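Please read the structure below before turning to the comments.
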Amino acid sequence: LVLITGASGGIGAATAREIAAAGAKVILLARTQSKLDAVADEIRNAGGQAYVYSVDLGDADAVNATTERIKAEVGVPDILINNAGAGRWLAIDETDSAEAVSMMSAPYFAAFFVTRAFVQDMVRRGSGRIANVNSPMAYLVIPGAIGYAACRCALRGFNDSLRADLRGTGVGVTHLVFGEVTSDYFDNNPCLLYTSPS
């Protein structure tokens, strides 16, 4: 049983399709119900099993309510993939306070809230894997993206701290940083430092 956040598109949707094709049941979380349903339909039409939960992963109360439903309806995941992420590439003078807070909501708070909801059950069971999907920006900061870089560095710190806390429990922690991926990120978040290929 694999739970994937940010599963409505990009890396999350592609991961869900591949994992389901390998025979795992997948739990798909993201904000947009229609996009989640489309991914789930693809998986089911290919013979896989998918469960959909629409939730704002930056809202702690909403995450708590949704994860309690998941435990009751599907169970505690064997693998948790924290993939939800957002944020624009902006310099500090272009980033207002509300946007800075919003960027920290996903990926960092989303990963924290979802992991916290399941980790005690995983430890009690004595098995599981938590994978945190991050950006190269967690290691190599590019000018003009201060809020985005900060949230990605926060996720890296969360990953490393979680790994230390869970050592010896049977629950492993993995930090995933991909290189180039195909995504509509820059179509939705224009950036002067990047030109989308034509």
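The table for this structure:
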| quantity | calculated |
| --- | --- |
| Exposed-loop-free span, longest in the chain, where chymotrypsin sites (Phe, Trp or Tyr not before Pro) count as exposed if DSSP calls them loop and at most 15 other C-beta atoms lie within 10 Å | 1-138 |
| Sequence-distant residues sharing a close amide H with LEU176 (under 5 Å, placed H) | ASN132, VAL133, ASN134 |
| Environment charge at ILE27 (Cβ cut-off 12 Å; Lys +1, Arg +1, Asp -1, Glu -1) | +1 |
| Net charge dipole size for the chain [Lys, Arg +1 and Asp, Glu -1 on Cβ; Debye, nearest 20] | 760 |
| Cβ-based net charge around VAL141, under 15 Å, with every Lys or Arg adding one and every Asp or Glu removing one | +2 |
| 5 angstrom amide H check on ARG31, placed H, neighbours 5+ away | VAL55 |
| FRET efficiency for ALA21 and ILE142, using Cβ-Cβ distance with R0 set to 30 Å, rounded to 0.05 | 0.30 |
| Residues with amide H under 5 Å from that of ALA84, placed H, sequence gap 5 or more | THR5, GLY6 |
| Crossing angle, helix 33-45 versus the chain [Cα axis fit, 0-90 degrees, rounded to tens] | 50 |
| Cut-off 13 Å between beta-carbons: net charge of the residues surrounding PHE118, Lys and Arg +1, Asp and Glu -1 | +3 |
| Relative contact order of the chain, pairs being alpha-carbon contacts under 8 Å that are 6 or more residues apart, as % | 20 |
| Accessible area expressed per residue, the range 82-147, with surrounding protein chains retained (probe 1.4 Å, Å²) | 49 |
| Crossing angle, helix 146-166 versus the chain [Cα axis fit, 0-90 degrees, rounded to tens] | 30 |
| Karplus (6.51, -1.76, 1.60) ³J(HN,Hα), θ = phi - 60°, over the range 55-69, in Hz, Gly and Pro reported as x | 7, 7, 6, x, 9, 4, 5, 5, 5, 4, 5, 5, 5, 5, 4 |
| Segment GLN120-VAL101, length gained on full extension (0.36 nm per residue, minus Cα span) | 4.1 nm |
| Cα-based helix-to-principal-axis angle, 110-125 vs the chain, degrees rounded to 10 | 30 |
| The range 95-168, dipole about Cα centre (Lys/Arg Cβ +1, Asp/Glu Cβ -1), debye to the nearest 20 | 420 |
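The values are calculated or read from the model by the stated rules, or taken from the named source; none is laboratory data. Quantities reported herein were computed from a predicted structural model and do not represent experimental measurements. Cβ atoms come from the backbone with ideal geometry, glycine included; neighbour counts cover every protein chain shown. The accessibility values were calculated without ligands, DNA or RNA, using every heavy atom of the protein model including side chains. Shrake-Rupley method; radii C 1.70, N 1.55, O 1.52, S 1.80 Å.
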